[in-house]
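*Asks:* Below are the structure tokens for one structure; questions will follow.
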Amino acid sequence: MEKLFVNEICEQSLRRISEGDLSALTVIYDCAGRLIFTVAFSILGDYQLAQDAMQETFLRIAESARTYRKGSNAKAWIVSIARNLALNMLNERKKYAPYYDNILFRFPEEKLLDRFALSDALSTLTTQEREIVVYKTVCGMRHKEIALILGISADNSRQKYKRALEKLREYLEEGGKQHVPRMENQENA
């Protein structure tokens with residue numbers, strides 16, 4: 001679906017939810033469910049916790065739909081909820097860090113070494129840099145949308161994105177790992 005169309009559908013669904021029609025949550029799930037999960041997973045690094053954050057996001061959307069300001073970016077509003085919940089969960093998890101494995105992802109064994117290398121590389125980034133890289137490369141968001149979610153300027157998002165990609169390249173080059181692909185065509189989007 002085209003981004004503008006998705007935003008309109010989300011906005012209409014939020015209006016319906018605010019009027020008591022909770023069936024509109026399924027429309028938001030269809031339009032933004034993958035994005036919500038991706039955002040949560042990029043922050044938490046744990047499939048099950050990301051699922052929990054996604055579930056909590058939909059509960060929060062149902063509770064807060066009436067606070068959405070019509071005409072603002074509905075998709076960014078939804079992603080902000082998911083992001084804030086995931087960050088809260090991460091902070092809670094850090095309190096109990098000794099009881100959890102380090103943020104290692106559970107993947108099939110044949111991909112395990114590649115996932116460890118990627119996980120190690122991503123761990124060199126700050127949380128905000130990691131979020132920007134995931135929003136841009138995995139979710140396909142524009143810097144303007146990323147900036148709105150993170151509360152920074154679009155130029156700042158672009159700069160941090162470039163810096164993060166450079167950090168990843170340097171890390172992988174120093175370790176003799178494969179290179180992070182250049183994404184210049186996306187930098188100014």
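*Asks:* How far, in nm, would the chain grow between Glu170 and Glu19 when pulled straight, counting 0.36 nm per residue and subtracting the alpha carbon separation?
*Replies:* Residue separation times 0.36 nm, minus the Cα-Cα distance, leaves 49.2 nm.
*Asks:* Test of understanding: extend the Cα→C-beta vector of Thr124 to 7 Å, then name every residue of the stretch 142-167 with backbone N under 11 Å from that spot.
*Replies:* Of the residues in the stretch 142-167, 164-167 have backbone N under 11 Å from the label point off Thr124.
*Asks:* Take the Cβ-Cβ distance between Thr67 and Arg93 as r, set R0 to 35 Å, and report the resulting FRET efficiency rounded to the nearest 0.05.
*Replies:* Working: r = 27 Å, r/R0 = 0.77.
It comes out at approximately 0.80.
*Asks:* Enumerate the calculated ³J(HN,Hα) couplings along the stretch 37-52 in order (Karplus 6.51 cos²θ - 1.76 cosθ + 1.60, θ = phi - 60°), each rounded to whole Hz, writing x wherever the residue is Gly or Pro.
*Replies:* Computed from phi, the couplings for the stretch 37-52 are 4, 4, 4, 4, 5, 5, 8, 8, x, 9, 4, 5, 5, 5, 4, 4 Hz.
*Asks:* What list of ³J(HN,Hα) values in whole Hz, one per residue of the stretch 144-159 in order, does the Karplus curve 6.51 cos²θ - 1.76 cosθ + 1.60 (θ = phi - 60°) give from phi, with Gly and Pro shown as x?
*Replies:* Ordered by residue, 3J(HN,Hα) equals 4, 5, 4, 4, 4, 5, 8, x, 10, 7, 4, 4, 4, 4, 4, 5 Hz.
*Asks:* If amide hydrogens are placed 1.01 Å from N in the peptide plane, which non-local residues have theirs closer than 5 Å to the one on Met141?
*Replies:* Lys136
*Asks:* Provide the packing ranking of 146-154, 127-135, i.e. peptides ordered by the mean count of other C-beta atoms within 10 Å per residue, highest first. Walk me through the numbers before you get to the answer.
*Replies:* Numbers: 146-154: 17.7, 127-135: 20.3.
For the peptides 146-154, 127-135, the packing ranking is 127-135, 146-154.
Bear in mind that the values in this text are calculations on the coordinates, not laboratory data. Everything numeric here is computed off the predicted structure, so don't read it as measured data. All Cβ positions, even for glycine, are placed from backbone atoms using ideal geometry, and neighbour counts span all protein chains on display.
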